[in-house]
Amino acid sequence: MTTYVAHDASAFAPPAEVEEVELYHPKTFIGKYIWSQDAKVIAIQYAITAIGIGLVALVLSWLMRLQLGFPNTFSFIDPSNYLQFVTMHGMIMVIYLLTALFLGGFGNYLIPLMVGARDMVFPYVNMVSYWVYLFAVLLLVASFFVPGGPTGAGWTLYPPQAILQGTPGASWGILLMLVSLAFFIVGFTMGGLNYVVTVLQARTRGMTLMRMPLTVWGIFTATILALLAFPALLVSAIMMTLDVTLGTSFFMPAIVSMGQQLDHAGGSPVLFQHLFWFFGHPEVYIVALPAFGIVSDLISVHSRKNIFGYRMMVWAIVIIGGLSFVVWAHHMYVSGMNPYFGFFFATTTLIIAVPTALKVYNWVLTLWHGNIRLNVPMLFAIGFIFTFINGGLTGLFLGNVTVDVPLSDTMFVVAHFHMVMAIAPILVVFGAIYHWYPKITGRMLNDTMGKFHFWVTFVGSYAIYYPMHYLGFAGVPRRYYAITGTDLIPASAHSVNVAITIAALIVGAVQVVFLYNLIWSYFKGKPSGGNPWGATTLEWQTPDTPPKHGNFGATLPVVYRWAYDYSVPGAAEDFIPQNVPPAHS
C-alpha cells in the first residue's frame, strides 16, 4: 500500500526564538482609527489615500484624452495645462498610487497575517510612515493651487527644461513636486524597514522562508529593491531643488534661455537621467513583484491546485529583483550613449525576460488540469496574465536599440508601459481586493457587479491601448498637445484618437461601480465566514473575521507545511491549512 505525504509537511516545529512583544492597546476612537499603530488599520489608511489621489490622476487622464480625441474643443485645456496633466497623472499613478497601494496597503495588511505575527515589528514607526506619506500627497495636491500651477516637465522631470522659465510650473510647481517626492521616500523608508524586519524576525514557529506564501516573497523583495533604489531619486530631487533655489549646477550646463545667458555652468542633464532611471527601472519591479506574488496565490487558491514550481517562483522573484538594477539605461537609448553601452543594456533587458517568462509558464502550468473557479478574483488574475504577456512582448521591441530609436517618444511607448505598468498591476489590485475583502470586512463583494466591472475594465483597456500601438508605428509623438494640420500624421490617427478617448471615458466611469460595490457590500454584502475561498494561508485561519488587534487571539499559530496544499490525494478536504499538523490532514 502506498501512502501520500503532502509536500513539505512536518510534525516538528522549532521553538520560538523571540519572545512575543507586548502590543499597545488604544482606548479611544482616535487611538484606534486615526493615530493607529495596528498594521491592518494603517493598511486601510494607505489604501484609501492612494485610491483617493489615484482618482485625481484618473480625471487628469480623461482631460488629456479629451484634448487628444477632440482637439481645440475645450477652452479650459491649453498647452500648459495639458503638459501639467501629463506630468501629474504619470507621477501620481506610478509613485503615489501603485507603490503606496502594493507596499503600504497590501504589505501592511498581509505580511503580519501571512507570516503569523501579531503586528509589524515597529508599530509606532509604521504609524509615522503613513502620516509622512499623507503629508507628501498633500504637498503634491498643493501644487495645483500655487502660482503657475503644478510642474509640466513630464513625469520624468528631466532638467534643464524642468526648471527653466517657459516650462509650466517651473518655480513653485517643480519645487513642491521635488519636496513631496523627498517626503514620500522618507515615509516609505520607515515603512519598508518594517516590512523587511517583520519578514525576517517575526515569523511564527515553523514558518520558514520557503514556506512563506509568494505574496510575502513579492512584497519583501520589492521592498528591498525600493530601499536600494529610492535613495537615487532622493539625491536627484535634493540636487535639482538646489539647482532651482540656490543656482547650483548639478544638472544645469551653461545655457542661454530666452536670450539671456544663465549663471549655470558645468552640470550634466544626463547625470539626472541616470539617477532617475536607476530608481525608475527597479520601480517597475517594485510594482510588478508584489503583483506577481499576489497573482500566484490567487491562481493557486481559485484553481484548487498547488503552485507549480514554488522554489523556482521564489528564485525568479529574487533574480528579477537583482537584474532590475542593471537594465536602467534602456530608457536612455536616444540620450547619445556609447553604442557598447546600448549593447550591454539591450542584452540585460532580454536576459531579465527569462525569469519573467518562467513565472508565466508556471502560472499556466498551475492552471493546467486545475479545478478552475472563474470567480471575480480569478478573472482578474487571468486577465493580468494576458495583459502582462502583451506588455512584455512589446517590451522586447523596445529593449532592442535599433527598434527602440524610431519608436522612442511615440505613442507605442505609452501603449507598452501602460499595458505592463498600469493595466496589469491594476488588474491585480482589483483581484486582490475582491479576494481579501471578505477577510477585511467579513462580507462578500457583490459578484454580479464584480463581473460587470471586470469585463468592461478588461475589454475597455484593450480598446484604449491596442490602437495606441498603431499610432506609435504611424509616428504619432507622445506628450504633444495637438497633432492636427501636419502631413506627417495619417488621417486615420485622428479617428483612432477619438475611439481611444471614448473607451477611456467608459473605463474610467465604470470604476464608480467598483467603488459603489465596496461601500454597498460593507453594509449589505452577505456574510463571508472566516475562509470563504477554502484557502490554506494563515490570514484565513484567524479566530475572528475581521481579525482583531493582535491577529491570532491568545496563541500564535504553528506552521507545519507550505502554503499550497490543495487537492492533496487522500485528504478529507481539498485544502489543508498551513497550521494543520500532518496527523490531522
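The values are calculated or read from the model by the stated rules, or taken from the named source; none is laboratory data. Keep in mind that this is a model prediction, so the values were computed, not measured. Because the Cβ atoms are built from the backbone with ideal geometry, glycine has one as well, and the counts that use them run over all protein chains shown. Each accessible area value is taken on the protein alone, full model and side chains, heavy atoms only, with ligands, DNA and RNA left out. Shrake-Rupley method; radii C 1.70, N 1.55, O 1.52, S 1.80 Å.
Structure summary
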item	result
Over region 514-585, volume per residue of the alpha carbon convex hull, in Å³	122
Formal net charge of residues neighbouring Gly450 (Cβ-Cβ distance under 15 Å; K, R +1; D, E -1)	+4
Surface accessible to a 1.4 Å probe, His494 within the full protein complex, Å²	60
Carbon and sulfur %, accessible surface of region 103-143 computed with the full protein complex present, 1.4 Å	86
Helix 39-69 axis, angle to the chain major axis (alpha carbon atoms, nearest 10°)	40
Listed residues Thr198, Thr28, Thr189 arranged by accessible area, highest first, probe 1.4 Å	Thr28, Thr189, Thr198
Normalised convex hull volume, region 302-427, alpha-carbon set, Å³ per residue	99
Cα gyration tensor, region 350-412 - rounded (a/c under 1.5), prolate or oblate	oblate
Folded to 0 to 90 degrees: helix 492-524 orientation relative to the chain principal axis, Cα	40
Separation of alpha-carbon centers, region 310-368 and region 426-491, rounded to whole Å	24
Estimated D of the chain in µm² per second, where Rh is the Kirkwood radius over Cα pairs and Stokes-Einstein applies at 20 °C, 1.002 mPa s	86
Degrees, to the nearest 10: 269-303 long Cα axis against longest axis of the chain	30
Val115, Val244, reordered so the largest accessible area comes first (probe 1.4 Å)	Val244, Val115
Of all accessible heavy-atom area on region 206-250, the percent that carbon and sulfur account for (1.4 Å)	82
Leu271 paired with Phe341, simple spin-label distance in nm, labels 7 Å along Cα-to-beta-carbon	1.4
Viscosity 0.890 mPa s, 25 °C: Kirkwood-radius Stokes-Einstein D of region 91-239 over Cα pairs, µm²/s	150
Computed [θ] at 222 nm, deg cm²/dmol, the chain (DSSP H ≥ 4; -39,500 (n - 2.57); rounded to nearest 500)	-20000 deg cm²/dmol
Rounded, prolate or oblate (a/c below 1.5 giving rounded, otherwise prolate when a/b exceeds b/c) for region 219-352 by Cα gyration tensor	prolate
Calculated FRET value between Phe145 and Phe74, using beta carbons and R₀ = 25 Å, to 0.05	0.75
Global geometry of region 1-150, whether rounded, prolate or oblate, following the gyration tensor of its Cα atoms and the 1.5 cut on a/c	oblate
Cα-based Lys proximity count in the chain, under 14 Å, for pairs eight or more positions apart or on separate chains	6
Under Karplus coefficients 6.51, -1.76 and 1.60, residue-wise ³J(HN,Hα) of region 346-359 in Hz, glycine/proline x	5, 5, 5, 5, 6, 5, 5, 5, 5, x, 5, 5, 4, 5
Dipole moment magnitude, nearest 20 debye, the chain about Cα centre, only Lys, Arg, Asp, Glu C-beta charged	980
Surface per residue (accessible, 1.4 Å probe) for the chain, Å²	41
Accessible-area order (highest first, 1.4 angstrom probe) of the listed residues Lys548, Lys451, Lys27, Lys359	Lys27, Lys548, Lys451, Lys359
Solvent-accessible area, 1.4 Å probe, carbon plus sulfur percent, for region 426-585	65
Computed accessible area, Ser75, all protein chains, 1.4 angstrom probe, square angstrom	120
Cα centroid separation - region 221-252 against region 91-158, whole Å	17
